[in-house]
Amino acid sequence: MVKGMMTEEKEKQYRSALENALNVGYRILEIGGSAVLAVEETVKSLEDCPLFNAGKGSVFTNQGTHEMDASIMDGSNLDAGAVSMISGIKNPISLAKDVMLKSEHVFLAGEGALKFAEELGYSFEKNEYFYDQFRYDQWQEIKNTDSFQLDHSKTKKDEKFGTVGAIALDQHGNLAAATSTGGMTNKKWGRVGDSPIIGAGTYANNKTCAVSCTGSGEFFIRNVTAFQVSALMEHAGLNIQDATREVVQKRLLEMGGDGGLIAIDKNGNISMEFNTEGMYRACKNSDGLEEIAIYG
């Protein structure tokens, strides 16, 4: 996000939404709920908030539609589910979870994913549900150009921000990660970023960590960013802080990629690493740590 475009009132709204999402997930964990349920419900609360580019707040494509992506992963068994290029679904993350639990597949896209949702009895929201004036104005600025942008970027049309995600470690020692996004404003040709791709934007493994990413998706895909954090921990012996720093501050930057990630290891250590001016983020644990932040 870009600090110069943030008003005091808008910042309060973002902090409030982050706090609400944090507490939604924490309450589930507090009573012994699963990490998978905690990350799903946390992401749902962010999808329901128009401030974020996911669910209700999803940006407009070049055709004036909304194409949403989401993925979720269970670190206890490496099960995962993902959906891409879907529209009309209020909470894409729940559909991703249903792909994980109720299909024999990992990744469903487009019409097939929507058919799957239909068979499960999902209700479909009308286009008006996803309409947001700020998102619409963003699209109007560039809709007849070859530019694309995401969220608060004004001067650099190719900045990419706005994905939402959650990670959790539950009382049973299980990790989970979830990520959801509306993609980038004015995107064409069915473009898909890293958010629904397991290993790129989302990864969880009880042996190491759970990771959810946000940023320039093409670089996160080519770098297999989420999995790289886990691999550095498992095979190079790095801790969560060193692994995320290596990936975000060195490997991504060397490729020209910007963004960040949130990660938690099997012992509950947390890292929220980014190489941009800021990243909406929040964390909470049973030792009394609680942090809500926006800027670097």
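Please treat every number below as a calculation from the coordinates, not as lab data. Bear in mind the structure is a predicted one, so any value in this text is a computation, not a measurement. Every residue, glycine among them, receives a Cβ derived from its backbone with ideal geometry; neighbour counts consider all protein chains shown.
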Where is the GNM fluctuation largest for the chain (alpha-carbon springs, 10 angstrom cutoff): S212, S76, S103? S103
Taking the Cα centre of the chain as the origin and placing charges on Cβ (Lys, Arg +1; Asp, Glu -1), which of A168, S94, G260 is farthest toward the positive end of the dipole? G260
Which one of A38, S216, G296 has its Cα pushed farthest toward the positive end of the charge dipole of the chain, where Lys and Arg give +1 and Asp and Glu give -1 at the Cβ? S216
Please work out how much length the chain gains when fully extended from F124 to D137, using 0.36 nm per residue of separation minus the C-alpha to C-alpha distance, in nm with one decimal. 2.2 nm
When S94, S123, S195 are ranked with the fewest other C-beta atoms within 10 Å first, the list becomes S123, S94, S195
Please rank V164, V248, V24, fewest neighbouring Cβ atoms within 10 Å first, as an exposure proxy. V24, V248, V164
Per the 1/(1 + (r/R0)^6) rule, R0 = 22 Å and r from the Cβ atoms of H172 and N239, FRET efficiency to 0.05 is 0.45
Coarse-grained scattering of the chain at q = 0.07 Å⁻¹, given as base-10 log I(q)/I(0) from a Debye sum over alpha-carbon atoms: -0.22
Between N267 and N23, what is the FRET efficiency for a Förster distance of 22 Å, r being their Cβ-Cβ separation, to the nearest 0.05? 0.45
Between the range 60-132 and the range 13-52, the alpha-carbon center distance in angstrom: 18
In deg cm²/dmol, rounded to the nearest 500, the helical mean residue ellipticity at 222 nm of the chain, built from -39500 (n - 2.57) for every DSSP H run of length 4 or more, is -9500 deg cm²/dmol
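Among the trypsin sites (Lys or Arg not before Pro) in the range 161-239, which ones are in a DSSP loop with at most 11 other Cβ atoms within 10 Å of the Cβ? Mind listing them?
Numbers: sites: K187, K188, R191, K207, R222; in loops: K187, K188, R191, K207.
Those that pass, being in a loop and sparsely packed, are K188.
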Need one word for the range 15-122: rounded, prolate or oblate. Basis is the Cα gyration tensor (sqrt eigenvalues a ≥ b ≥ c); a/c below 1.5 gives rounded, then a/b vs b/c decides. oblate
Could you give the nm distance between label points at K115 and K12, where each point is 7 Å from its Cα heading toward the beta carbon? 5.0
Any chance you could list P(r) for the range 182-296, counting all Cα-Cα pairs in 5 angstrom bins from zero, rounded to whole %? 2, 12, 22, 24, 20, 12, 5, 2, 0, 0
FRET efficiency for S286 and K207, Cβ-Cβ distance as r, R0 = 35 Å, nearest 0.05? 0.95
Which entries of K12/K284; K97/K187; K56/K207; K44/K250 have Cα-Cα distances beyond 30 Å here? K56/K207; K44/K250
So which chymotrypsin sites (Phe, Trp or Tyr not before Pro) in the range 10-59 are both in a DSSP loop and have at most 14 other Cβ atoms within 10 Å of their Cβ? none
